[in-house]
Every structure is written in structure tokens, then in C-alpha cells.
Amino acid sequence: MEAVVGEDGVARCLWAATPGEMRDYHDTEWGVPVRGESALFERLTLEAFQSGLSWAIILRKRPAFRAAFAGFDVDAIATWGEPETERLLADAGIVRNRAKIEATLTNARAAVDLRADGGLEALVEQHRPPPERQPAPRRQDEVPTTSEESLALSKALKKRGFRFVGPTTMHALMEALGVVDTHLTGCHRRGVAAYGG
């Protein structure tokens, strides 16, 4: 299906066709570049927690995630261990998955280590496809779920010790950050990231 014109007369991607939280996210955040390690680490973490679930669930729980993970302060999370893991497993406000929680702590330590080589933001940006390789889906069934770049980013992060960073999850991260633009060509948000970095 192509971009859908809503009751407000605006064309959007199919998943944002109806009013509500998902539409608000689509219209204000999805595909918009973020700056700063904490903001990027939040996106990375939430995409990992979303694996196997719907993004709507994660979006509803995002305020609780932010509170539980100290505003995604990488330095703080990097020092956490079993006591914090147990606290998080008891927090009904978030997705209580031990493997994903432990991966977040591991990823925070890996992000700290990565600073010596330019940091997480720089590593993700290195995997931005050039404008001529940006997807241009007209229909929802043309939207890719992985790419050469997401596979390369996944491998680079795994090599640095990150977990829950498979190519599909990294493609979703790249979409969320505007590193790749998979807004449908008829969507009013198409091109919001301007591919410029």
C-alpha cells in the first residue's frame, strides 16, 4: 500500500495512518537525526528491546525506560551489575527480559570503550549510505528491513562487544536516526533527514 492520506489531509506511511502515539512519533521523531551519546544510546537500547515486540509497546514504555536506565547515561549504566539487573527485572514499567537488560549494561561498557575511536555516534554515521543508495519505497512492501550498511554496522558493533545489534535491529536504528530514509515517497516526512548527517 502507498502512503495513506489521513483525515487531516496529510499523506503518511501506512503505520502512521491513524491518530495517536505512533502518528505523533512518525511526524516528529522518526527519521530525525539525534545528537549526543545518550540520545543515540537510548535509540540503540530501545530498538534492541523492541526485537520480537511491537514498537508501539516500546514507545508507551519509553518514559519508564528512561527512568529505569538513568536517562540512558552511558557512564552510569556502564558501572551497573547484578543488583541493578535484579532491580530492572522487577520493574513492571519496562520490558523485563534478562538477556536484553544484560545486553544494555554490556553495550554501555562497549560504548565507553568506543570513545577512544570516535564514539558510538561516529561509528553509526560511518555506515550512512550515500544519497544514491538511499531506498525510495513507494509502497509499504518495498520498504527494506536490512541493507549492506546495516549488516556492516551490526558486524562493526559486535566486533566492539555490543550485543542485540543484529542487521535488522540496526536497520531499524538507522531508520529511526534518519541515516536511511524509508518514509514512503508519497509521505509528507520523506527527506526530513536530508541525508546530510
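None of the figures in this text is laboratory data; all of them are computed from the coordinates on show. Everything numeric here is computed off the predicted structure, so don't read it as measured data. Reconstructed Cβ throughout: ideal geometry from the backbone, glycine too, with neighbour counts over all protein chains shown.
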Spin-label point model (7 Å from Cα, Cβ direction): what's the Met1 to Thr18 distance in nm?
-> 1.0 nm
Amide H proximity to Val5 below 5 Å, modelled H, separation 5+ or other chain, gives Arg12
Where in region 153-197 does the label zone of Gln134 land, with the point 7 angstrom along Cα→C-beta and an amide N cut-off under 14 Å?
-> 175-197
How do Met22, Met1 rank when sorted from fewest to most other Cβ atoms within 10 Å of their own Cβ?
-> Met1, Met22
Asp113 and Ala39 label points (each 7 Å along its Cα→Cβ direction) are spaced in nm at 2.7 nm
Student exercise, region 1-108 dipole from Lys, Arg, Asp, Glu Cβ charges, in Debye to nearest 20 = 200 debye
quick shape note, region 47-148: Cα extents on principal axes in Å, largest first -> 48, 35, 20
Multiply the residue gap between Leu151 and Thr106 by 0.36 nm, knock off their C-alpha separation, and tell me the result in nm, one decimal place.
-> 14.2 nm
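Counting only trypsin sites (Lys or Arg not before Pro) that are in a DSSP loop and have at most 16 other C-beta atoms within 10 Å, tell me the longest site-free stretch of the chain. Provide the component values of the computation, followed by the final result.
Working: sites that count: Arg35, Arg96, Arg138, Arg160.
That gives 36-95 as the longest site-free run.
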May I have the convex hull volume per residue, in Å³, for the Cα set of region 76-197?
-> 128 Å³
Helix-only [θ]222 nm of the chain, DSSP H runs n ≥ 4, -39500 (n - 2.57) each, per residue, nearest 500 = -14000 deg cm²/dmol
Phi-derived 3J(HN,Hα) across region 113-121 with the Karplus relation (6.51, -1.76, 1.60, θ = phi - 60°), rounded Hz, x for Gly and Pro, is 5, 5, 4, 4, 10, x, x, 4, 4
Using a Gaussian network model of the chain whose springs link C-alpha atoms within less than 10 Å, name the residue from Pro167, Pro33, Pro63 with the highest mean-square fluctuation.
-> Pro63
